[in-house]
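The values are calculated or read from the model by the stated rules, or taken from the named source; none is laboratory data. Note that the structure is a prediction, hence the values are computed from the model and not measured. Because the Cβ atoms are built from the backbone with ideal geometry, glycine has one as well, and the counts that use them run over all protein chains shown.
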Amino acid sequence: MFSLTLCPELQGYFTEDPRGFEELMAVEGETFREVKGRRTVKFERGGKRFFIKAHRGFRFSEFLKNLLSLKKPVLGARQEWLGIEALERAGVPTMKLAGKGFRGVFPGSAGSLIVTDSIEDSLSLEELLQRQDELGRAQRDRLKRQLIPQLGELARRLHEGGINHRDFYICHFLTEDRDWAAWRRGDAIDLIVIDLHRVQLRKGATPPRWRIKDLGALMYSAFGADITVQDAARFIRAYYGGPGSPWKKRLRQESRFWFRVAGRALSFQREWDRQQMKKSLAEL
């Protein structure tokens, strides 16, 4: 079996046949990652930049290791392009798909690829958080009041659309790289969700178990942002539908759910502390 679909900008440089597939799999550019048969490369054609994730199969030992650790192995690029298409249907801004393809009966073992437009002049919310000391307290609070409801709304759309991210950290939200000290209340902040190779998709809403894991990861990754009770309330209100929704009633009814979210975030923190302690002891 073989399939390759490319956007018009790439069709002028690569044919949608096995030869074009091989040329894309070996395309030259700035390599961001190359490990275990997978490579991520930024390349340019016609003055436009793209990212390609190329999978040349997997090792059986890697597959078995993931299964034994109860992790779903990443076997190819197909899950990521299905994730992009699902997020688009759910109204969640994400990467723009520029190409997708596979070769062989089983895409994970025979080879697969995904090409997306490069998101230029951007930074992650994690990087923005690391810059917060450059901003005054008042500016940080203004940014939180704008960003937190947006994160809650995107999480709601994701989960209502039957999607869970499985790596739902603030480092996987991109926004424009700009002078954030000059940002003013009311200025738009566009967020884009990236890194979808582990997403799970289903018909109907996402089950509580997976929503808790996503939201716990998001909370954990935002611990350095001095999240207050008011900030948490803004997020929950947006997650339940925004202003006008009976969010307080739902919060009372589902308080156990949010305690489990907080517990999940704390478990992430304990694991991080454990790993750091182990690393420090190894260096003695």
**Prompt:** Looking at the range 105-199, what strands (runs of 3 or more DSSP E) fall wholly within it and have at least 3 residues that are closer than 21 Å to residue 217 by Cα?
**Reply:** 173-176
**Message:** Please go through the range 69-100 and give me each residue that is buried (at least 22 other Cβ atoms within 10 Å of the Cβ) and at pLDDT below 95, ordered by number.
**Reply:** 76, 77
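So for the range 245-253 (the condition being in contact (Cβ under 8 Å) with a residue 12 or more places away in the chain and either of a type in the set (A, V, I, L, M, F, W, C) or surrounded by 13 or more Cβ atoms within 10 Å (Cβ to Cβ) (or both)), does at least one residue qualify? Break it down stepwise before answering.
From the range 245-253, those in contact (Cβ under 8 Å) with a residue 12 or more places away in the chain are 251; that's our starting set.
Checking which are either of a type in the set (A, V, I, L, M, F, W, C) or surrounded by 13 or more Cβ atoms within 10 Å (Cβ to Cβ) (or both) leaves us with 251.
Yes, there is a match, as at least one residue in the range 245-253 is in contact (Cβ under 8 Å) with a residue 12 or more places away in the chain and either of a type in the set (A, V, I, L, M, F, W, C) or surrounded by 13 or more Cβ atoms within 10 Å (Cβ to Cβ) (or both).
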**Message:** Step by step: first the residues of the range 1-48, then only those that are under 20 Å from the mean Cα position of the chain (by Cα) and charged (D, E, K, R), then the one that is surrounded by the fewest Cβ atoms within 10 Å (Cβ to Cβ). Which residue is that?
**Reply:** 33
**Message:** Taking the criterion of being under 27 Å from residue 113 (Cβ atoms) and touching a Leu at 6+ places or on another chain (Cβ under 8 Å), would at least one residue in the range 176-190 satisfy it?
**Reply:** no
